[in-house]
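The values are calculated or read from the model by the stated rules, or taken from the named source; none is laboratory data. This is a predicted model, so every value here is computed, not measured. With ideal geometry, Cβ positions are generated from the backbone for all residues, glycine too; neighbour counts draw on all protein chains shown. The area values use the complete protein model at the heavy-atom level, side chains included, leaving out ligands, DNA and RNA. Shrake-Rupley method; radii C 1.70, N 1.55, O 1.52, S 1.80 Å.
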Amino acid sequence: MIVMKFGGTSLGDRERIDTVVSLVKSRLARQPVVVCSAHSGVTDMLLAGARAAAKGQPDLEPIRQREAKMLAALGLAATLVDDELKRLEQMFQGLRLLGELTPRSLDAVASFGERMSCKKIAAYLKKRRVPATYVQADEAGLVTNSRFTRATPLPEAYDNLRAYLAKVKGVPIVTGFIGRDVDGNVTTLGRSGSDYSATIVGKAVGAKEVEIWTDVSGVLTADPRIVPEARPVPTLTYTEASELAYYGAKVIHPATIHPAIEQGIPVRILNTMDPKAPGTLIVPTRTTTGAPVACIASKRGIRLVNIVSGRMLGQSGFMSTVFDAFQRHDVVVDLVATSEVSVTVSVDTDEGLESVVGELSQVGTVTVERGNGLVAVVGERVQDLSGLAHRVFEALSAVKMPIRAISYGGTKTNLQLVVPEDRTADAVRTLHRALFPEA
Ligand code: ADP
Ligand code: ASP
Ligand code: MG
């Protein structure tokens, strides 16, 4: 068995969906389980619609029209997703009456993007003589915790999914992105979560491989929107892929690799628009002939939190006090830099930050600096590259890049730098030129 995941861009129009059909046909002998996202742009439309409804202006028309256009393009019955549209209509009315929007209701609304796209893809595959069955992951047993908008699966999700999918006839077309908590509330795995769904399903069915079909020929040496000459990386290790996703490479959801690691399932990133391109293979280990630096990732919107504590610094327990506070409020820390008198950490969200700052203010002076970007040079053998730090700092100093914080350890697979937010792209381009001179 294999899993084939198609992202929103691969399902953007009839032409791309026809490619998806031929790709699925070409792999029927490998018993594919297909996981699909919503068509590109639909999740954004649903979330915007929910926000407008809670502000008193429910308007399903743009979504209705988009669905009608897609159904017509695929030659499917105009009424195919009427039930889903009706449910959405009711939800929008409910939001209007309540006048408020919770993460739970956002997830319930957002889940309809995947429900409607998968229902259509299954119907279209059947029309093209591929036996296919529409499967809603939440009904198929993908149970999660109740962290709405960023849920993670519970251990029983895997057995549930395996048992459910074993009974499905033909190719299962499973909704990405969504699950359900133990109380029956719909949850989502976070934006781009269908990648994560793909490896969750892969682990559940014991897949030989998970293919993630997108609109680029694999993971590239940098975000192609920042560095147009970035080129595909043939192989990555699980660690490298996780780190670069975590540090901002949007091509896969940060948690995608976790379920794959547990069973050593290879994950391949492939291009729907160029299916013959080799793409990127993500595996447990990489041969030493690979380039020491695999990729440069970046993210904006970074907050630097500085904690200065004359009283406690240097005492055992200070670090754990700091990290306990972040953990208690569920705030994920990216970079950590320490000195004799202070600790600096970087985070990428304001969610929970105020509570952390409030708590840490009891042990020291805490300041938060906004307006930063984080750049990560990722590669399992980054530490082997002699003169890496020299090359990095020489290149950045040549463009007068202010560096706000640095983190680099002997056993680490990445070097992280914090720079002013409006110079993040410039830093990525500069480092790409210095570290991939042949590109
Ligand atoms: P999908 O709809 O298939 O899930 P996404 O838009 O979520 O696709 O992810 C693919 C996009 O990720 C690419 O089009 C590219 O712009 C972006 N991206 C960012 N960093 C990288 C990178 N290092 N390698 C490849 N793509 C990247
Ligand atoms: N449709 C969801 C999103 O736009 C999930 C995904 O595309 O993977 O975030
Ligand atoms: Mg995606």
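Restricting the stretch 191-210 to residues that are within 11 Å of ligand 3 (Cβ to nearest atom) and open to solvent by 10 Å² or more (accessible area, probe 1.4 Å) leaves a set whose member that is farthest from MET4 (Cα to Cα) is ARG191. Here GLN327 fits the description: under 28 Å from the mean Cα position of the chain (by Cα), open to solvent by 10 Å² or more (accessible area, probe 1.4 Å) and among the polar types (S, T, N, Q). Just one of the listed residues (THR411, THR365) is farther than 24 Å from ALA245 by Cβ, at pLDDT below 95 and surrounded by fewer than 17 Cβ atoms within 10 Å (Cβ to Cβ), and it is THR365. Per the listing PRO266, PRO259, the residue uniquely more than 10 Å from ligand 1 (Cβ to nearest atom), touching a strand residue (DSSP E or B) at 6+ places or on another chain (Cβ under 9 Å), modelled with pLDDT of 95 or more and open to solvent by 10 Å² or more (accessible area, probe 1.4 Å) is PRO266. Any residue in the stretch 98-108 that is touching a residue at least 24 places away in the same chain (Cβ under 8 Å) and within 16 Å of ligand 1 (Cβ to nearest atom)? For the stretch 98-108, residues touching a residue at least 24 places away in the same chain (Cβ under 8 Å) and within 16 Å of ligand 1 (Cβ to nearest atom): absent.
Screening ALA249, ALA222, ALA230 for residues that are within 16 Å of ligand 2 (Cβ to nearest atom), assigned by TED's automatic domain parsing to the domain that holds SER146 and among the aliphatic types (A, V, I, L, M) leaves exactly one candidate, ALA249. Of the listed requirements (1) without any contact (Cβ under 8 Å) to a residue 40 or more places away in the chain; (2) at negative phi; (3) surrounded by fewer than 16 Cβ atoms within 10 Å (Cβ to Cβ), LYS400 misses just one: (2).
Here ASP44 meets each of (1) in contact (Cβ under 8 Å) with a residue 12 or more places away in the chain; (2) within 16 Å of ligand 2 (Cβ to nearest atom) with one exception, condition (1). Looking across the stretch 25-74, the residues that are closer than 27 Å to LYS167 by Cα and either at pLDDT below 95 or away from ligand 1 (no atom under 16 Å from the Cβ) (or both) come down to LYS25, SER26, ARG27, LEU28, ALA29, ARG30, GLN31, PRO32, VAL33. Taking the options ARG328, ARG300, name whichever one is closer than 30 Å to LEU220 by Cβ and not hydroxyl-bearing (Ser, Thr, Tyr). Matching residue, one of ARG328, ARG300: ARG300. Taking each residue of the stretch 1-29 that is farther than 20 Å from LYS208 by Cα and looking for partners that are among the small types (Gly, Ala, Ser) and more than 16 Å from ligand 1 (Cβ to nearest atom) with beta-carbon atoms closer than 7 Å, six or more apart or interchain, yields ASP13/ALA73; ARG14/ALA73. Just so you know, in the stretch 234-253 the residues that are open to solvent by 10 Å² or more (accessible area, probe 1.4 Å) and part of a loop (DSSP other than H, G, I, E, B) include one that is farthest from SER37 (Cα to Cα), and it is PRO234.
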